[in-house]
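Below is one structure; the comments refer to it alone.
The values are calculated or read from the model by the stated rules, or taken from the named source; none is laboratory data. All values reported here derive from a predicted model rather than from experimental measurement. When we count neighbours, we look across all protein chains shown, and the Cβ atoms used for this are built from the backbone with ideal geometry, even at glycine. Ligands, DNA and RNA are excluded from the accessible area calculation, which covers all protein heavy atoms including side chains. Shrake-Rupley method; radii C 1.70, N 1.55, O 1.52, S 1.80 Å.
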Amino acid sequence: MTKAVTGTQPGLPAGLLAELREVLGAPHLLTDPEVTASFTTDWTGRFVGATAAVLRPSSTAEVAAVLSACRRHGVALCLQGANTGLVGGGVPLQGELVLSLRRLATLGPVDPLSGQVTAGAGVPLADVQATARAAGWAYGVDMASRQSATVGGTVATNAGGLRVLRYGDTRAQLLGVEAVLGTGQTVSHLAGLVKDNTGYHLPSLLCGSEGTLGVVTAARLRLVPPAPERVVALLGFGGVGPAVAAAGALRRRLGSLEAAELFVADGLDLVRRVTGAGPPFARTHPAYLLVEAAAASDPTDDLAQAIGSLEAVGDVAVAVDSVRAAELWRYREAHTEAINTLGAPHKLDVTLPLGSLAEFMDRVPGVVAAVAPEARCWLFGHAADGNVHVNVTGVGPDDERVDESVLALVADYGGSISAEHGIGVAKRRWLGLNRSEAEIATFRAIKSALDPDGVCNPGVLLPN
Ligand SMILES: Cc1cc2nc3c(=O)[nH]c(=O)nc-3n(C[C@H](O)[C@H](O)[C@H](O)COP(=O)(O)OP(=O)(O)OC[C@H]3O[C@@H](n4cnc5c(N)ncnc54)[C@H](O)[C@@H]3O)c2cc1C
């Protein structure tokens, strides 16, 4: 077992914890290391921090009071939702106090006219989906961490997920935010006007800012019309190239296409070993595409026709009921958990121009082996978005040779070093591969305007 990347814990100014206890109430300031341990280690186990206390406010006013006290005392905060982030951005690696936003869990009613809802930062994604569904709408963002990942976390990371090809990322759903900025000011713009050209669009700025500018306390979310009739199919291909080409062809032919997920034979083997699932087909294929179509009326015939027109499909399995659909989805969704059973992985979530995706995926194992022959490489992703999750196991948590080589290869192809998980602490050294000096200087200017004392997530996103 390799050692995790760990943080340090400086002393705290006298009186700060007493002041914060006064603001939050004693039960919501946690100091027992056994209780705070789950807040200081990230989901992958690669990043382990330390903290003197976890603070659990229940309102925007309490968040503002905490921020103001911390600014006065010069103490930094590590902002945290459900701690499902995969780039180490939500754990206190510099000994920050943890500001857990999960108690901001108010979920308003769905506005039936506009199809919008206001959700507190701590509301889990699955609750937004369920509330939307009960009101005859749907929420366009979905991902395997849905039961825990919070609205605040998804806004802060601009989470993507499984439905981006149809509905866009979290930013595309965001009509307004409420936030306490690092300056201590509260900004609240939650009216949800679809057309609202009144200056800088703060929701877009805060979305994807990874907690470096302030604390998102609530969001006004756009819902989409429901598509209750669904069909799921798994397709086997002779390689990644034909699978990616098929995803493009299906997208063009099938307006109801909602997901096109890619994985390869190694990953399927691992998932089957960990979950005990049977094989999807009698024979193995080098690459697989899991597709889902959803519409108001049954899209099965449309999907069958579209699949029938594809070239180079080896095998097809169509789920005729929801149990089988869940089984097919599990082959893809269980990848993240299955890889974690091999030890703390390096997670490199990248986007390539679609035309280069197959070549990149072919080359990555060789590039990894050249610097770390002991490592294993696991590749899966969102085919239609050009997004592949490069997971590397068998290397130490702070051994960055693999990250360096893979991210340099991404840059050579003109790709992005972070498709949807963010930069966090894991990738900030390499931000310059995608962002020019002028862009990074602009980022720093925004950071110092909105968080002048560096209270919010000081070690995240921006390079040292
Ligand atoms: C099994 C699994 C599958 C996943 N699949 C996907 C996927 O398909 N697509 C995808 O995009 N991600 C995916 N993720 C990553 C993760 O779920 C998302 O990044 C999610 O948005 C994080 O939400 P969270 O509440 O857990 O945030 P955290 O992990 O707690 O925090 C993430 C970042 O946001 C900041 N933050 C959190 N809350 C706030 C707030 N209220 N205000 C300001 N900053 C805040 C934190 O400081 C940190 O930098 C997956 C994770 C797992 C474990």
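Taken over the chain, lysine pairs spaced eight or more positions apart, or on distinct chains, with alpha carbons under 21 Å apart number 4. Of the solvent-accessible surface of the chain, computed with a 1.4 Å probe and all protein chains present, 53% belongs to carbon and sulfur.
Each Lys and Arg Cβ is given +1 and each Asp and Glu Cβ -1; about its Cα centre, region 285-390 then shows a dipole of about 460 debye. Close amide-amide hydrogen proximity is noted between VAL177 and HIS189, ARG220, each under 5 Å apart and 5 or more residues distant or on a separate chain (H modeled in the peptide plane; Pro and chain starts excluded). For the chain, taking Cα atoms only, Rg and Dmax work out to 22.2, 71 Å respectively.
Given DSSP loops and a limit of at most 13 other Cβ atoms within 10 Å, what is the longest stretch of the chain that contains no such trypsin sites (Lys or Arg not before Pro)? Between the exposed loop sites, the longest stretch runs 4-194. For the chain, averaging the sequence separation of C-alpha pairs within contact (under 8 Å, six or more residues apart) and dividing by the residue count gives a relative contact order of 17 percent. The local environment of SER356, defined by Cβ-Cβ distances under 15 Å, has a net charge of -3 under the rule Lys, Arg +1 and Asp, Glu -1. The mean accessible area for residues of region 252-314, using a 1.4 Å probe and ignoring ligands and nucleic acids, is 46 Å² per residue. Other residues lying with their Cβ under 10 Å from the Cβ of PRO458 contribute a combined charge of -2, Lys and Arg counting +1, Asp and Glu -1.
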